[in-house]
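Asks: Below you'll find the structure I mean.
What follows draws every value from the coordinates through simple rules; no lab data is involved. Everything numeric in this text was worked out from a predicted model, so none of it was measured.
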Amino acid sequence: MKIDNQRNTYRIWLSRLVMTIVFTLIILLIVFLPWFDETRFWLTKYHVAILISVVYIVVNWINYLKRPYFVSYNDQGERIVVRYYPVSMFTSRKNSIEIPKTQFVKYELKPFLFGTQHYLILHQNFRGKVAGYPRISLSALNKEDREKMLQSIDKYSSRS
C-alpha cells in the first residue's frame with residue numbers, strides 16, 4: 001500500500017501564501033487609505049492594524065504548533081518505508097525510515113495540541129533491543145489515509 005499526502009501539503013503551502021498576501025494587503029489598505037483617518041470612536045487605524053496583526057499571528061502560531069509533515073508510506077516489498085519532512089520554508093531536511101518487516105516491533109500514537117493531533121513513533125528490533133525512531137506528525141494526513149496507514153502498520157506489529 002502506498003500513501004502520501006502531497007496534495008494536502010500543497011494545500012497547506014497555498015493557504016499560507018494566500019493568508020500572508022491577504023494580511024499584507026489588508027494592513028496596507030488600513031494604513032494608507034483615508035477611510036480610517038476620521039473615526040468617531042477611540043479605535044484608530046493603528047488599533048485595527050494591531051488587532052488584525054494579532055489575529056494573523058495567533059492563526060500562524062496554531063498552524064505552526066500543528067507541525068504538518070509531508071508523509072509518504074509504502075509497505076510493498078520486504079520493508080516498511082516512511083519518508084517525511086516538515087512543511088516549512090526554512091527546512092530542507094528530508095528523512096526516511098526503512099524497517100524490515102521482520103524487525104518491526106510496534107508503533108505508538110502520541111497526542112499533542114490538546115489531543116487534536118498525533119505523532120507516530122515507530123519501533124524496531126535492533127541488535128536485540130527495541131529502538132524508537134523520531135516522531136512524525138500526522139496532522140497533514142487525511143483521516144482516511146491515516147486510518148489506512150495505521151491499519152497497515154498494525155498488521156505488521158501483530159506479527160512480532
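Asks: I want to verify a result. In a Gaussian network model of the chain, Cα cutoff 10 Å, which of these has the top mean-square fluctuation: Gln76, Gln124, Gln103?
Replies: Looking only at Gln76, Gln124, Gln103, the largest GNM fluctuation is found for Gln76.
Asks: Quick one: grab the alpha carbon gyration tensor of the chain, order the square roots of its eigenvalues as a ≥ b ≥ c, and give me rounded if a/c is under 1.5, else prolate or oblate depending on whether a/b is larger than b/c.
Replies: Verdict is prolate for the chain.
Asks: Mean Kyte-Doolittle of at least 1.0 plus a Cα span of 24 Å or more along the axis: flag which DSSP H helices in the chain meet both, please. All intermediate terms of the calculation are to be shown ahead of the outcome.
Replies: Numbers: long enough: 6-32 (39 Å, 1.33); 45-66 (32 Å, 1.13).
Those that clear 24 Å and a mean of 1.0 are 6-32, 45-66.
Asks: For the chain, what is the mean residue ellipticity at 222 nm derived from helices alone (per DSSP H run of n ≥ 4: -39500 (n - 2.57); sum divided by total residues; nearest 500 deg cm²/dmol)? Could you put the intermediate results ahead of the total?
Replies: Numbers: 3 runs with 64 residues, N = 160.
Computed ellipticity for the chain at 222 nm equals -14000 deg cm²/dmol.
Asks: Can I ask one more? If a/c stays under 1.5 just call it rounded; otherwise compare a/b with b/c (prolate if a/b is bigger, oblate if not). Do that for region 103-160, with a ≥ b ≥ c from the square roots of the Cα gyration tensor eigenvalues.
Replies: Here region 103-160 falls in the oblate category.
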